[in-house]
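Down below is the structure, laid out as structure tokens.
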Amino acid sequence: MSELINQISEALQSGKAKAVTELIEQALSENVSSKDILEKGLLAGMDIVADKFQKNEVYVPEVLIAARAMNAGTTLLKPHLAEAGAKPIGKAIIGTVKGDLHDIGKNLVRMMFEGKGIEVVDLGVDVSPEKFVEAYETEKPDVVALSALLTTTMGEMKNTVEAFTAAGIRDSVTIMIGGAPVTDSFRNSAGADIYTADAASAAEAAKQAILNK
């Protein structure tokens, strides 16, 4: 059993989506639990990719390919996990702020979040403060993550935090920000809770924020 799970982890790290799904089907047919396949195969493999990414041993394209393989695996596992009563550790809303159409960084963060077992609601790009607040009211997430790649749109992060304050819900949510021009001192001035420099760190910070709630 452990050999099969190792193979799933290795196939994911290599970005071999077809091999991942075939190995998962084999593991399920041999009565390996869907929870073990998810946690010890897929999530463990994605953790290794995230660690290598932080050490600059792999780069964005490799991470995206591994994340695609992970998505293929989790899609196949979802019905089995539902039967087994497996639940995500928490929920996050993510989006690129108003006026900004960049989505590669956001997509990478989404995949890394999912790799930590966090359910993600992706609002896309050019998301207004009002839309973030509206989505929060509907989804009741643990974390709201804002992305910006332009210095000209960073101000929308502050506007979004202010919109949460105006709606009276600021204290009930962890607001994270990130993107190429963003810094921790800007996080402080914007009134957000967490800033991280890359997608892997963001996912770990989100996981800790959820577990510490």
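The values are calculated or read from the model by the stated rules, or taken from the named source; none is laboratory data. Being a predicted model, the structure only gives us computed values, none of them experimental. No Cβ is skipped: glycine too gets one built from the backbone with ideal geometry, and neighbour counts run over all protein chains shown. The protein model used for the area step is the full one, side chains on, heavy atoms only, and it has no ligands, DNA or RNA in it. Shrake-Rupley method; radii C 1.70, N 1.55, O 1.52, S 1.80 Å.
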Query raised in the report: Does Val161 satisfy being of a type outside the set (S, T, N, Q), surrounded by 20 or more Cβ atoms within 10 Å (Cβ to Cβ) and not in a helix (DSSP H, G or I)?
Result: no
**Report entry** Residues satisfying the stated conditions in region 20-38, i.e. without any contact (Cβ under 8 Å) to a residue 24 or more places away in the chain and either on the phi < 0 side of the Ramachandran plot or in contact with a strand residue (DSSP E or B) (Cβ under 7 Å, 6 or more places away or on another chain) (or both)
**Finding:** Glu22, Leu23, Gln26, Ser29
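Of everything in region 72-92 that's hydrophobic (A, V, I, L, M, F, W, C) and in a helix (DSSP H, G or I), which residue is nearest to Met111 (Cα to Cα)? Explain how you work it out, then say what you get.
Going through region 72-92, the residues hydrophobic (A, V, I, L, M, F, W, C) turn out to be 72, 76-77, 81-82, 84, 86, 89, 92.
When the remaining residues are screened for being in a helix (DSSP H, G or I), the result is 72, 76-77, 81-82, 84.
Working: Ala72: 12, Leu76: 16, Leu77: 16, Leu81: 19, Ala82: 20, Ala84: 23 Å.
Residue satisfying both the conditions and the ranking: Ala72.
Just checking, which of Lys106, Lys116 is modelled with pLDDT under 95, crowded, with 21+ Cβ neighbours inside 10 Å and within 15 Å of Ala180 (Cβ to Cβ)? Steps first, answer last, please.
Values: Lys116 fails: within 15 Å of Ala180 (Cβ to Cβ).
The match here is Lys106.
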Report task. Would you check which residues across region 54-71 are assigned to a helix (DSSP H, G or I) and either open to solvent by less than 30 Å² (accessible area, probe 1.4 Å) or in contact with a strand residue (DSSP E or B) (Cβ under 8 Å, 6 or more places away or on another chain) (or both) and list them? Result -> Val63, Ala66, Ala67, Ala69, Met70
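Only one residue in Val109, Val125 is in a helix (DSSP H, G or I), under 16 Å from the mean Cα position of the chain (by Cα), of a type in the set (Val, Ile, Thr) and under 28 Å from Thr75 (Cα atoms), so which one is that?
On the way: Val125 fails: in a helix (DSSP H, G or I).
None of the others qualify; the one that does is Val109.
In this structure, does Gly178 turn out to be farther than 26 Å from Met70 by Cβ and of a type outside the set (A, V, I, L, M, F, W, C)?
On the way: farther than 26 Å from Met70 by Cβ: no; of a type outside the set (A, V, I, L, M, F, W, C): yes.
So Gly178 does not fit the description; no.
Is it true that Lys131 is assigned to a helix (DSSP H, G or I) and either in contact (Cβ under 8 Å) with a residue 12 or more places away in the chain or basic (Lys, Arg) (or both)?
Working: assigned to a helix (DSSP H, G or I): yes; either in contact (Cβ under 8 Å) with a residue 12 or more places away in the chain or basic (Lys, Arg) (or both): yes.
So Lys131 passes the test.
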**Report entry** Subset of region 179-213 (residues that are among the small types (Gly, Ala, Ser), touching a Ser or Thr at 6+ places or on another chain (Cβ under 6 Å) and closer than 16 Å to Val97 by Cβ)
**Finding:** Gly179, Ala202
